[in-house]
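Heads up: the structure comes next, in structure tokens.
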Amino acid sequence: MKIKQISVFLENRRGRLYEVCSLLGENNVNIRALTIAETESFGVLRVVVDKTDEAVRAMELNNFTANVTEVVAVEVTDEPGGLANVLKVIAEGNLNIEYMYGFVEKHGDKALLVFRFENADRAVEVLTKNGIKIVGGQDVKGL
């Protein structure tokens, strides 16, 4: 089970992140997870939201470059070593992580992390086989 992530390319200039976040708010789209990576001239905002289609539509109508990709959201025991346990399964499954980041909120008593894998389908298979819960789109909307 995979979820959708939106990547938004932003020029490195004052107020640009505010413009995206306020646009999402004006369109009643709630951010569930986010991260920003930057270079000297631009940044990439990656977000998981509760209404992906509405968010992309609003961004495109306002001249933001947005791209949708599939990522895997995983429940992680919220205790010391919880992430290490998940990463062990990933390493033993010979999976390559391109990047990862955390959700804004927990899922019950579990932390939630977003992983972008080189092969998301194989990652879902390995994680599920090893008893690691994958969170779906409906779960994200319910947070």
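The values are calculated or read from the model by the stated rules, or taken from the named source; none is laboratory data. Everything numeric in this text was worked out from a predicted model, so none of it was measured. When we count neighbours, we look across all protein chains shown, and the Cβ atoms used for this are built from the backbone with ideal geometry, even at glycine.
Residues of segment 103-118 being in a loop (DSSP other than H, G, I, E, B), without any contact (Cβ under 8 Å) to a residue 40 or more places away in the chain and surrounded by 12 or more Cβ atoms within 10 Å (Cβ to Cβ), which ones?
The answer is Lys106, and nothing else.
How many of the residues in segment 14-25 are touching a helix residue (DSSP H, G or I) at 6+ places or on another chain (Cβ under 8 Å) and surrounded by fewer than 20 Cβ atoms within 10 Å (Cβ to Cβ)?
So the answer is 1.
Contact list please: Cβ distance under 6 Å, first residue in segment 11-36 and under 12 Å from Val47 (Cβ atoms) and in the same structural domain as Asn63 (by TED's automatic domain parsing), second residue in a helix (DSSP H, G or I) and at pLDDT below 90, pairs at least six apart or on different chains.
Partner pairs satisfying both residue conditions: Arg32/Val140.
Rundown of residues vs (1) over 24 Å from Ala123 (Cα atoms); (2) of a type in the set (A, V, I, L, M, F, W, C); (3) not assigned by TED's automatic domain parsing to the domain that holds Val8, yes/no style:
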| position | (1), (2), (3) |
| --- | --- |
| Ser41 | yes, no, no |
| Leu45 | no, yes, no |
| Asp50 | no, no, no |
| Val56 | yes, yes, no |
| Glu60 | yes, no, no |
| Pro80 | no, no, yes |
| Val86 | no, yes, yes |
| Asn94 | no, no, yes |
| Gly102 | no, no, yes |
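Give the residues of segment 74-102 that are among the charged types (D, E, K, R) and surrounded by 15 or more Cβ atoms within 10 Å (Cβ to Cβ), sorted by residue number.
Answer for segment 74-102, where residues must be among the charged types (D, E, K, R) and surrounded by 15 or more Cβ atoms within 10 Å (Cβ to Cβ): just Glu75.
May I ask you to list the residues in segment 3-29 that are more than 16 Å from Gly102 (Cβ to Cβ) and of a type in the set (S, T, N, Q)?
Passing the criteria: Ser7, Asn12, Ser22, Asn27, Asn28.
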